[in-house]
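Down below is the structure, laid out as structure tokens.
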Amino acid sequence: MTTEPALALVDAPEAVAEIAAAIRAAGSFALDLEFMTEGRYVAELSLVQVGWGDPDGPEVRAIDPLKVDAREIAELVADPDVETVIHSAQADLALLGQVFSVRGRGIVDTQIAAAFLGLGDQIGYAALVERMAGVYIDKGSQFTEWSRRPLTDDQVRYALDDVRYLPGAWRQLRAELETQGRLPWVMEECDRLAETWAERTPPEEMYRRVRGWNSLRRRSQGALRALAAWREEEALRVNRPPSWLLNDRTMLEVARRPPRDLNELRSVRGLGEGTAQRYGRILLDAVEQGMEDPPPAEDTPPRVPNLGQSWPAILSGIVQARCREASIAPRFVATRREIDELIAWWLVGDRSSEPDLPLLRGWRRELVGADLLDWLQGKTAVIVDPDSEAGLTIRG
């Protein structure tokens, strides 16, 4: 039987400790976060909702992180002995990593679980609940200013609904995954993504995320690396988007044609007077130091012979076919980069050992990786087949 809690937010440390203890005893809980991103680099955590106990009627609570430390809940997410059920977990896990420095263990993302059952690549929570429980969730409070207090009863009730139905949905998804033998696939994928989502690119590597960085000469790359590292650290310090300090295009131009003084810096297109006034000397020093300490030269990737240039489309077709047959979104199985690396290995690499690629390991190899290797080795052929679901068949 569903327990309807008081809609007052939990804002006492002892109450948070009691909730954490109850969740730890249960061994599993549903989690959702509300946060504000507007004008911020790191989102402001504004509400923490948890649900635990009987999936048919879990205990649900909303914790106010603006008044009480929610670290005990975050530490549960990092506990491999506690199952954490989240829908569309990426943003939540990234925020927990930024605020509490935790990496999720025992994570279950019900959106991923649904995708592995053919319920859509990125099914929304409301659609999942309607499908699993036949319950319609009103999304009227979706764009609430969650950092504003007090919250209305309707807003808190809406927030609690985000965890109220998760345990029951996961129970159904889990049963179907076990029936199809895909539960290990989902758990492996959730764990892999949880690690990825908790990672933050080091400041000294942020320059690689600037489009066009690899077109620069090495000394200019050093300048860009120093500028991007400064921008990242300053953006975190003031909690403002990096582009508010210095946009990518302007930063690339400063690195490409290093200004010699403040006057030349002010003449760079896109660099505001306020930025030049506040940070001008810092930027000039960063450019100078970066040029004196450029990054190591990049290894030149082996050139793939022309005969392999049409192969990505063929291998991607095999991936698409197997994923369609299995009702799994291709993005979970193989990336274009992995396919390119596989082809490069086959044509110009050392065939005595396979490359370390996810698509050649575990369930991905079982689903499609072995087929890709068979095609490369000439053991199979891809045949156009308009009558098949994928439009082609693989024949050995």
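Where a number appears in this text, it was derived from the coordinates with a stated rule and is not lab data. For clarity, every value in this text was computed on a predicted model and none was experimentally measured. Here Cβ is always computed from backbone atoms with ideal geometry, including for glycine, and neighbour counts include all displayed protein chains.
Amide H of Ser46 versus every other amide H placed in the peptide plane: which residues, excluding those fewer than 5 positions away on the same chain, fall under 5 Å?
Here the answer is Glu34, Phe35, Met36, since their amide H atoms fall under 5 Å of that of Ser46.
Of the GluC sites (Glu not before Pro) in segment 21-92, which ones lie in a loop per DSSP and count no more than 14 other C-beta atoms within 10 Å?
Sites meeting the loop and neighbour criteria: Glu38.
Can you pull out the GluC sites (Glu not before Pro) in segment 148-194 whose DSSP state is coil and whose Cβ has at most 14 other Cβ atoms within 10 Å?
Hits after loop and neighbour filter: nothing returned.
List the residues whose amide H sits under 5 Å from the amide H of Leu392, counting only those 5 or more places along or on another chain, with H placed 1.01 Å from N in the peptide plane.
Distant-sequence amide H within range of Leu392: Asp385.
Which whole-number percent gives the relative contact order of the chain, counting Cα pairs below 8 Å spaced six or more residues apart?
13
Please provide three numbers in whole Å: the alpha-carbon extents of segment 203-292 along the principal axes, with the largest listed first.
For segment 203-292, the Cα spread along each principal axis is 29, 28, 20 Å.
Treat each spin label as a single point 7 Å out from the Cα along the C-beta direction, and report the Asp191 to Val348 distance in nm.
About 3.6 nm, to one decimal.
To the nearest 20 debye, what is the magnitude of the charge dipole of the chain about its Cα centre, counting +1 on the Cβ of each Lys and Arg and -1 on the Cβ of each Asp and Glu?
It works out to roughly 1760 debye.
Are there GluC sites (Glu not before Pro) in segment 276-305 that DSSP puts in a loop and that have at most 16 other Cβ atoms within 10 Å, and which ones?
Glu298
Which label belongs to the value computed from this structure, given these candidates for mean projected area of the Cα convex hull in nm²: [x] 24.5; [y] 27.3; [z] 23.3?
Given [x] 24.5; [y] 27.3; [z] 23.3, the calculated one carries the label [x].
Rounded, prolate or oblate for segment 127-222? Axes are the square roots of the Cα gyration tensor eigenvalues, ordered a ≥ b ≥ c, and the cut-off for rounded is a/c under 1.5.
Because a/c hits 1.5 or more and a/b fails to exceed b/c, segment 127-222 counts as oblate.
Given only helices, namely DSSP H runs of n ≥ 4 each adding -39500 (n - 2.57), what is the per-residue ellipticity at 222 nm of the chain, to the nearest 500 deg cm²/dmol?
Calculated mean residue ellipticity at 222 nm is -14500 deg cm²/dmol.
Could you go through segment 75-88 in sequence order and give the Karplus-derived ³J(HN,Hα) for each residue, using 6.51 cos²θ - 1.76 cosθ + 1.60 with θ = phi - 60°, rounded to whole Hz, and x for Gly and Pro?
5, 5, 4, 7, 8, x, 8, 10, 7, 10, 9, 9, 9, 6
Which far-off residues, 5 or more places away or on another chain, put their amide H under 5 Å from the one on Asp54, with H placed in the peptide plane?
Residues meeting the amide H criterion: Glu59.
Based only on other Cβ atoms within 10 Å, what is the fewest-to-most ordering of Val254, Val82, Val384?
Val384, Val82, Val254
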